[in-house]
Amino acid sequence: MIVDFLLDDVVCDGAESNLAECNHSPWGTHNCGTHEHFYVECNDVNECQTDNGGCSHTCVNTIGSFYCECPDHFYLTDNNRDCIADVNECQTDNGGCSHTCINTLGSFYCECPDHFYLSDNNRDCIDVNECQTANGGCSHTCVNTPGSFYCECPDHFYLSDNNRDCIDVNECVEENGGCSHNCVNTEGSYHCECPEYLYLSDNETCSANGTTIDCSSSHGMKVTLDKRTLFFLPDQLTLLDTQCVSSSNSTHVWLQTDYDKCSTSQRTVDDTVVFSNTILSSDDVAAGSVMFYDLIYIPFKCVFAATSNVTQVTTQVPRLIMRLEDQGSLQGR
């Protein structure tokens with residue numbers, strides 16, 4: 001097949017809109033042999049060789065195109081030609097950020113620490129109120145703080161190891177809650193109770209009617225028990241020294257001791273001197289007697305000002321507090 005060549009030695013630089021605009025030999029001429037192939041050769045134009053491609057700094061040529069690059073700490077402007085030095089906005093007033101300012105090439109942004117979030121102005125960090133979600137996980141009171149929170153417990157509760165749950169304090173564990181007899185723990189509180197025949201006189205102390213303790217003597221103290229009220233008492237009782245026994249009649253039982261007799265103890269408490277002894281049930285029980293308790297144990301005491309001698313008694317009214325078996329104490333205060 002015979003082919004007529006219209007163009008030969010065609011060289012295009014890529015800027016042409018059609019083949020006829022490329023460089024070539026005169027129309028209809030060629031120097032091709034009968035066994036030669038023909039082709040069109042296109043050469044890339046290196047735009048960077050002309051005015052650095054319009055780039056202010058580095059021009060990078062690519063096949064059929066080019067682009068501009070900037071050195072470190074510079075950034076390319078919107079015209080994709082000019083490089084300008086980066087301004088660290090964070091160095092001026094922290095970029096207006098309330099907390100952390102992060103500089104970037106040509107810009108910056110604000111960041112917030114944990115438990116804060118960025119407000120709509122993209123500058124201010126606002127505290128997250130953890131207490132608004134499930135009460136912060138607290139079983140009772142949640143207290144919000146800037147960047148954190150903590151749990152609090154009401155009176156008579158303590159915070160557990162997980163710092164969330166409040167656990168009831170058993171006030172009865174320590175010193176029986178101050179109760180002279182029975183201490184009853186409740187959720188968030190407690191109360192004192194008295195055994196039979198006794199009454200609660202001051203929310204803590206169980207007292208008995210028909211009992212007195214006399215601390216007015218300069219020599220000793222005397223306890224009187226009314227058998228008509230305390231009908232369960234035997235006729236004979238002793239003090240710690242079992243040689244010191246009670247006296248009785250049809251209505252009362254009484255015991256007395258000097259301040260230095262019948263195993264009476266003396267101790268100093270703050271600015272007072274305390275003399276104390278204990279009423280016990282006697283081992284000598286008459287045959288046929290009815291015993292309501294196997295053991296009678298009634299501590300009592302007289303209190304005096306430490307700066308005075310024993311002839312000056314305290315102005316506090318003596319009061320008897322019962323202890324039967326292991327249920328309280330008999331004390332003159």
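The values are calculated or read from the model by the stated rules, or taken from the named source; none is laboratory data. A quick note: this is a predicted structure, and the numbers were derived from the prediction, not measured. Cβ sites come from the backbone with ideal geometry, for glycine too, and all protein chains shown count toward neighbours.
Is there a residue in segment 216-223 that is assigned to a strand (DSSP E or B) and in contact (Cβ under 8 Å) with a residue 60 or more places away in the chain? So far as segment 216-223 goes, yes, one or more of its residues are assigned to a strand (DSSP E or B) and in contact (Cβ under 8 Å) with a residue 60 or more places away in the chain. The condition of being surrounded by 17 or more Cβ atoms within 10 Å (Cβ to Cβ), without any contact (Cβ under 8 Å) to a residue 60 or more places away in the chain and closer than 30 Å to PRO146 by Cα does not hold for CYS48.
Selection over segment 79-90 of residues that are at pLDDT below 90 and closer than 25 Å to ASN121 by Cα gives a count of 4.
In segment 243-257, the residue that is nearest to LEU280 (Cα to Cα) out of those that are surrounded by fewer than 14 Cβ atoms within 10 Å (Cβ to Cβ) and touching a residue at least 12 places away in the same chain (Cβ under 8 Å) is GLN243.
Tallying residues that are modelled with pLDDT of 85 or more, farther than 16 Å from CYS48 by Cβ and surrounded by 16 or more Cβ atoms within 10 Å (Cβ to Cβ) within segment 63-78 yields 0.
The strands (runs of 3 or more DSSP E) found entirely in segment 49-103 that carry 1 or more residues being in contact with a helix residue (DSSP H, G or I) (Cβ under 8 Å, 6 or more places away or on another chain) are 58-62, 65-69.
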